[in-house]
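Values in this text are rule-based calculations from the coordinates and carry no lab data. Just so it is clear, the model here is predicted, and its values are computed rather than measured. Cβ placement follows ideal geometry from the backbone for every residue including glycine, while neighbour counts extend to all protein chains displayed.
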Amino acid sequence: MAVHEISHPLVRHKLGLLREKNISTKDFRDLASEVGMLLAYEATRNLPTEKVTIDTWSGPTTVDRIKGKKITIVPILRAGLGMMDGVLKALPNAKVSVVGLYRDEQTLQPVTYFKKLVKDIDQRQALILDPMLATGGTLVATIDMLKQAGCRDIIGIFLVAAPEGIDRLRASHPEVDIYVAAVDERLNADGYILPGLGDAGDKIFGTK
Ligand code: URA
């Protein structure tokens, strides 16, 4: 499993802005989307291309096209929606598979309450979107669900990840690579990432 912590200055700068205590809902939303786009740019760096010959104003020319690889993005409700617009700017033709999970208070296990996957997910690469990789419980359950639907090529994009979540992912799905703006220090007792961003869903939706 590879953890790609993106060191591009634009990503570092925008992540710093996201961490500001008194950031507005609009700024947080805009920046989450922008960093999502930049992480998607990095995550698609190795997509295969092929040569095709096209007609141009000056005659036939050979150009590169993305070859065959079809993508579905998988935003995890609700905070993952905050990265969707940005990622779709980088991948405007991607189909969207939405999933929602909550944690059962008795069993502490993730329970799926919403799932609408693209039909041909077995032929697509899935890009899971969630701003925060915290304990990893939701992520592991999402990957279980995608694999059950036949998906064999899965990567994850997160603004911030905790070492605890990375360890959990590595233990359950070691072949899934992730792209993050930062790996932070640790989780606190309430499951929040430190230094982190706070509650990313509340900050994206303005429900704090
Ligand atoms: N979810 C969040 O929104 N923030 C965290 O720090 C952890 C999980």
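A few points about this structure:
- Per the conditions (1) more than 14 Å from the ligand (Cβ to nearest atom); (2) in contact (Cβ under 8 Å) with a residue 12 or more places away in the chain, the sole criterion not satisfied by Q148 is (2).
- Region 159-190: number of residues that are free of Cβ contacts under 8 Å to residues at least 12 places away in the same chain and under 18 Å from M1 (Cβ atoms): 1
- Contact map, region 191-202: first residue β-branched (V, I, T), second residue more than 6 Å from the ligand (Cβ to nearest atom) and in a loop (DSSP other than H, G, I, E, B), Cβ cut-off under 6 Å, separation 6 or more or different chains; pairs are I193/A162; I193/D184.
- Residues being in contact with a strand residue (DSSP E or B) (Cβ under 8 Å, 6 or more places away or on another chain) and either more than 15 Å from F158 (Cβ to Cβ) or polar (S, T, N, Q) (or both) - total across region 187-202: 2
- Taken over region 155-201, residues that are within 11 Å of the ligand (Cβ to nearest atom), among the charged types (D, E, K, R), surrounded by 14 or more Cβ atoms within 10 Å (Cβ to Cβ) and not in a loop (DSSP other than H, G, I, E, B) amount to 1.
- Of residues in region 110-142 being in a loop (DSSP other than H, G, I, E, B) and in contact (Cβ under 8 Å) with a residue 24 or more places away in the chain, the one surrounded by the fewest Cβ atoms within 10 Å (Cβ to Cβ): D120
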